[in-house]
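One structure below.
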Amino acid sequence: MAESEELPSAHHAEPFATRLLAWFAREGRHDLPWQRDRTLYRVWISEVMLQQTQVTAVIPYFERFMAQFPDVAALAAAAEDEVLHLWSGLGYYARARNLLRSARLVVQDHGGTMPDALEALHALPGIGRSTAGAILAQALDRRHPILDANVKRVLARWAGIDGFPGEAAVVARLWQLSEQLTPTERAGDYTQAIMDLGATCCRLRKPACARCPVSADCVARRDGRQAQLPVPRAQRARPLRVAHWLLICRGDSVLLSRRPADGIWGGLYGFLEAVDAPSLRGLAASRALRADVLLRPLSPLRHGFTHFELEIHPWVVASADVVEAEGETWYNLCQPAALGLATPVAALIAQLRAEQNLMVAVSGV
């Protein structure tokens, strides 16, 4: 949309919302776990889990989380390891740490009752303006505009808004449009409907425009610009980082170390790490492993992050002499503790367990 153009005027809001709600009644998602027994707490957990994560991936995590932490008091009383363990594999682990911090603040500052004011919710760690609005709309049917990634895509295409939607000026225009279009009634259904539209119909690739309830006046469809809107972030080559992991095994256990709270996989448990093979040898020596000890390589792993690719080279060594240091623990492969593990760590542990089971089967023990 050119700078001189104006956003759709308020009289467009009712037709847009009406069409969207009618579509939602026919094709929207109405029986998701967090749509049953809606509370501020349950909706809050679901909205945080759904950030940058698809619904199908979130459902089993949400159900396990609710079984373990049915209310904010239970979550506030949890140990960080418990929370990260339940989050393992879902990614973006700062979300889990922020949930725990927020739950404790709710108990400390709000008497254990989830706040129902936009500003108070927004003040909690990990709850942005859009998430706060979505929580109140979904849980209490209050009118609050939202602007998550799906909504940005729907509005940028429908109104023909140019510019990367992470830029301040573009975001401001999208917020203005979201405010205009959000109806005063059935706000909860509307916010779910527009999120559903972006997730299931107005998809990033191969949008199903023929099924879209607002395609008749969609600028992107009219101009054939679905693939160009919203304008993507300028592509940058993701650098490759390399890490060498030392998997020290002792009987049925492997040594794990808690990672620092900041940085990737903050607060999770992983293996001892070095930047290259010589440094790995030095690390092994520092842990009282003999210089001639055999380090057995496993197949390298690749793990993608938003801003870089990580190539992991795992090395296995058996030692009965290594003593755990502060922040470390022996993780039993047969009776695993409830610890937060990043996906590559969990994959390597599963590989060690499979090797151990094979050895037991071959030996007949």
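The values are calculated or read from the model by the stated rules, or taken from the named source; none is laboratory data. Keep in mind the model is a prediction, meaning the values are calculated, not measured. Note: ideal-geometry Cβ built from the backbone for every residue, glycine included; neighbour counts use all protein chains shown.
Here are a few things to note about the model shown:
- Test: residue in the stretch 284-303 that is in a helix (DSSP H, G or I) and hydrophobic (A, V, I, L, M, F, W, C): yes
- Checking the stated criteria, residue 255 turns out to be assigned to a strand (DSSP E or B) and either in contact with an Asp or Glu (Cβ under 6 Å, 6 or more places away or on another chain) or touching a residue at least 24 places away in the same chain (Cβ under 8 Å) (or both).
- Among the residues of the stretch 49-74, those identified as in a helix (DSSP H, G or I), free of Cβ contacts under 8 Å to residues at least 60 places away in the same chain and within 18 Å of the chain's Cα centre (by Cα) are 49, 56, 57, 58, 59, 60, 61, 62, 63, 64, 65, 66.
- Failed item, numbered, when residue 149 is tested on (1) surrounded by fewer than 22 Cβ atoms within 10 Å (Cβ to Cβ); (2) in contact with a helix residue (DSSP H, G or I) (Cβ under 7 Å, 6 or more places away or on another chain): (2)
- Of all residues in the stretch 168-216, those that are part of a helix (DSSP H, G or I), among the charged types (D, E, K, R) and in contact (Cβ under 8 Å) with a residue 40 or more places away in the chain total 4.
- Summed over the stretch 223-250, residues that are surrounded by fewer than 20 Cβ atoms within 10 Å (Cβ to Cβ) and assigned to a loop (DSSP other than H, G, I, E, B) total 14.
- Residue within the stretch 288-303 that is in the same structural domain as residue 357 (by TED's automatic domain parsing), within 20 Å of the chain's Cα centre (by Cα) and surrounded by fewer than 16 Cβ atoms within 10 Å (Cβ to Cβ) present: yes
- All conditions in (1) more than 26 Å from residue 221 (Cα to Cα); (2) at pLDDT 95 or above; (3) outside any helix (DSSP H, G or I) hold for residue 147, with the sole exception of (1).
- Condition check for residue 181: more than 26 Å from the chain's Cα centre (by Cα) and assigned by TED's automatic domain parsing to the domain that holds residue 127: yes
Per-residue answers, yes or no, for (1) buried (at least 17 other Cβ atoms within 10 Å of the Cβ); (2) more than 27 Å from residue 80 (Cα to Cα); (3) aromatic (Phe, Trp, Tyr); (4) free of Cβ contacts under 8 Å to residues at least 12 places away in the same chain:
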site	(1), (2), (3), (4)
271	yes, no, yes, no
286	no, yes, no, yes
305	no, no, yes, no
322	yes, no, no, no
343	no, no, no, no
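- Checked across the stretch 105-113, the condition of being small (Gly, Ala, Ser) and assigned to a helix (DSSP H, G or I) holds for no residue.
- Single residue of 107, 83 found to be closer than 25 Å to residue 261 by Cα, crowded, with 20+ Cβ neighbours inside 10 Å and of a type in the set (Val, Ile, Thr): 83
- Candidates 111, 166 - the one that is at pLDDT below 95, in the same structural domain as residue 62 (by TED's automatic domain parsing) and out of contact with any helix residue (DSSP H, G or I) (no Cβ under 7 Å at 6 or more places or on another chain): 166
- Cβ pairs under 6 Å, 6+ apart, first in the stretch 28-48 and assigned by TED's automatic domain parsing to the domain that holds residue 191 and farther than 12 Å from residue 132 by Cα, second among the small types (Gly, Ala, Ser) and outside any loop (DSSP other than H, G, I, E, B): 28/193; 34/46; 38/139
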